[in-house]
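Here is the structure we will look at.
We did not get these values from a lab; they are worked out from the coordinates using the rules stated. Note that the structure is predicted; figures quoted are calculated from it, not measured. Quick reminder, even Gly has a Cβ in these numbers, built from the backbone with ideal geometry, and neighbours come from all protein chains shown.
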Amino acid sequence: MQIVRYLALAGVFSVVCFSGCWDNKAGNGSGNTSAVNYSSSPAKPVNSKPEQNTAETNTNMSEKKTAAGFAANMPGGFQSPADDVGKKLLKEYGSMFVAKGGATAPKTVVFKDESEVSAFQSGLSKSTETIGGFAIELQSPAMNDLKKAIEDAKKENLTISPRGVDSGRRTYNETVGLWASRVEPALKHWVAKGKITQVDADRIKSLSPFEQVSEVLKLEEKGIYFAKDLSKSIIYSVAPPGTSQHLAMLALDVKEFENPKVREILARHNWYQTVVSDLPHFTYLGVPETELPNLGLKRISDNGRTFWIPEL
Ligand SMILES: [Zn+2]
């Protein structure tokens, strides 16, 4: 079924591409795609052959969840991205794919539309709680541990609460809205600076959000950045449509993120920072910190903060 669907998409994209692929032109242009193929070069040795995107090896993957390494801990049936953009996103946002403790990770780096997101979310065991005045929806194991963290914080006269109404679950359309809130002003800015022509800006605006991602990342390779402050990549500002960990219901944006004690309590309850430079954003990984390296995650320290990112 999937293959049929991708073939059907071939009319829209100039080439057939697999999940996570926005535009194979980006991959062809850079000329170094094979070097960064995460699946054939896990940073830690895995007790299995390099994973391929086939039914047989996916079965192997699910049987080897206890093995060390990122690829070995991804969900069975995970559709490895074949293109540069998908690989980049896996590297930047991918920690949640090895979440354990009863969490369910998506099998794709990018959900393509609202129906894919609702299909995923509707199959989850989830719970809703009112926290800090906002109704927050998360996967049940993530919520259970969050409630324990909140209890622990209380004992120390601290609070752990969401930053806003969209701090937990998001819909696909919400991620599209956030994306547009960065892309549109940035296009205006760079046209005014003479870095992009109005024709190009109009063309990019006319693309679907899904198609815009590779165009925007290509411009960023030339230093034309799309984050809110225009000084860094948009992916450190908002997640491209369909890629947010909030869609997986395994993320929470925390109001008290500046407090090291709060970060410590969250980590004690399996909630970690996993996206470098998205400081309020925490991800549910479902295991104690000592087990994270076994999942193929590596520790990055930055300004007194600890991030756990895929070792790819
Ligand atoms: Zn977030």
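Placing R0 at 30 angstrom, the Cβ-Cβ distance between K261 and S181 gives a FRET efficiency of 0.40 after rounding to 0.05.
For a straight C-alpha distance cut-off of 14 angstrom, the aspartates and glutamates reachable from K87 (same-chain residues fewer than eight places away being disregarded) are D23, E311. The dipole here belongs to the stretch 173-236: it is taken about the Cα centre, uses +1 on the Cβ of Lys and Arg and -1 on the Cβ of Asp and Glu, and is about 240 debye. Measuring against 22 Å, Cα to Cα, the residue pairs K91/K218; K112/K298; K193/K232 contain K112/K298 as the ones spanning a longer distance.
Across the stretch 193-312, Cα-Cα pairs more than 21 Å apart make up 48 percent of the total.
Just how many % of Cα pairs in the stretch 179-238 lie over 13 Å apart, if you round to the nearest whole percent? Beyond 13 Å sits 54 percent of the P(r) for the stretch 179-238. Annotation: aspartates and glutamates with alpha-carbon distance below 18 angstrom to K255 (same-chain offsets under eight excluded): E129, E137, D145, E151, D152, E156, D166, E264, D278.
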